[in-house]
1. Could you list all residues from the range B:28-43 that are in a strand (DSSP E or B) and under 7 Å from B:Thr111 (Cα atoms)?
2. Within the range A:59-112, which residues are in contact (Cβ under 8 Å) with a residue 60 or more places away in the chain, farther than 23 Å from B:His59 by Cα and within 11 Å of another protein chain (Cβ to nearest Cβ)?
3. Within the range A:15-22, identify whether any single residue is modelled with pLDDT of 95 or more, over 30 Å from B:Gln54 (Cβ atoms), touching a Lys or Arg at 6+ places or on another chain (Cβ under 8 Å) and among the aliphatic types (A, V, I, L, M), and answer yes or no.
4. Being more than 12 Å from the chain's Cα centre (by Cα), at pLDDT 95 or above, away from every other protein chain (no Cβ under 11 Å) and crowded, with 20+ Cβ neighbours inside 10 Å: is that true of A:Gly48 here?
5. Determine, yes or no, whether A:Phe95 is closer than 24 Å to B:Thr36 by Cα and within 12 Å of the chain's Cα centre (by Cα).
6. What are the residues in the range B:89-118 that are part of a loop (DSSP other than H, G, I, E, B) and surrounded by fewer than 18 Cβ atoms within 10 Å (Cβ to Cβ), if any?
7. Only one residue in B:Arg25, B:Arg4, B:Arg40, B:Arg30 is in contact with a Leu (Cβ under 8 Å, 6 or more places away or on another chain) and more than 7 Å from every other protein chain (Cβ to nearest Cβ). Which one?
Protein chains: 2
Amino acid sequence: MHIRRADQVKGQPVEMEGAQNVKMRLLLGRADGAPTFAMRHFEVAPGGHTPRHQHPYEHGIQVLKGSGTVEVDGATHVLQPGDCLFIEPDSLHQFRADRGESLQFICIVPTTFDCGKPTPGS
Amino acid sequence: MHIRRADQVKGQPVEMEGAQNVKMRLLLGRADGAPTFAMRHFEVAPGGHTPRHQHPYEHGIQVLKGSGTVEVDGATHVLQPGDCLFIEPDSLHQFRADRGESLQFICIVPTTFDCGKPTPGS
């Protein structure tokens, strides 16, 4: 068992192409022995965004603080704390802190995809 | 894609033996086509508790609101919003709202265990 808080974990800037002003903190991952899913804390600074991309595994998202928008397959939705999102495999998606404040959320991914490949950032 | 908020989902009382004053809201589950993991919102009313039990799959927990304690394999820990917990498979665990207020958290489970059995409450 472990208890880990985002404010006790050093944030790593997300260096992927298309990401801007995004930090990730790994709360539960493969290095902890997580068998099925990983939990990551994301903080997008005002004006920042995650890559606009797609991949063959899903996201489960829990919005914690702040506000912003998400674009999924061409439709844009405003986000607020308490929102839980299911972003299906292969959906084209991007999170943006475009409402004057930062956006903080938990993003869950499977630890593996495509019959055993380790999921990036898990 | 869906966006679902706990305050828009009707809570179901948890009827398992050993549970008291616990409501569950399914935010993402097998019925939504979730391939790997399910996200459930739990609300334990003051004085309530989840079953003290164990099972062969893990929990990932994100505490959202309130306070309480968790017992895992005989050790008790105080919980506060922002805590992320990894409760490993087969750990004996119980969540308690024993600090005068309710306890709200997200609990993530794999959608299947033991080579394909559907996880209860997913």
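The values are calculated or read from the model by the stated rules, or taken from the named source; none is laboratory data. What you see is a predicted model; the values in this text were computed from it and never measured. Glycine also receives a Cβ, built like all others from the backbone with ideal geometry; neighbour counts cover every protein chain displayed.
1. Within the range B:28-43, the subset in a strand (DSSP E or B) is B:28, B:37-43.
Answer for the range B:28-43, where residues must be in a strand (DSSP E or B) and under 7 Å from B:Thr111 (Cα atoms): B:Phe37, B:Ala38.
2. Result: no residue meets the conditions.
3. Among the residues of the range A:15-22, not one is modelled with pLDDT of 95 or more, over 30 Å from B:Gln54 (Cβ atoms), touching a Lys or Arg at 6+ places or on another chain (Cβ under 8 Å) and among the aliphatic types (A, V, I, L, M), which makes the answer no.
4. On the way: more than 12 Å from the chain's Cα centre (by Cα): yes; at pLDDT 95 or above: yes; away from every other protein chain (no Cβ under 11 Å): yes; crowded, with 20+ Cβ neighbours inside 10 Å: yes.
Yes; evaluated as a whole, the condition is true for this residue.
5. On the way: closer than 24 Å to B:Thr36 by Cα: yes; within 12 Å of the chain's Cα centre (by Cα): yes.
So A:Phe95 passes the test.
6. Listed by number, the residues that qualify are B:Pro89, B:Asp90, B:Ser91, B:Leu92, B:Asp98, B:Arg99, B:Gly100, B:Glu101, B:Asp114, B:Cys115, B:Gly116.
7. Values: B:Arg25 fails: in contact with a Leu (Cβ under 8 Å, 6 or more places away or on another chain); B:Arg4 fails: more than 7 Å from every other protein chain (Cβ to nearest Cβ); B:Arg30 fails: in contact with a Leu (Cβ under 8 Å, 6 or more places away or on another chain).
From the options B:Arg25, B:Arg4, B:Arg40, B:Arg30, the qualifying one is B:Arg40.
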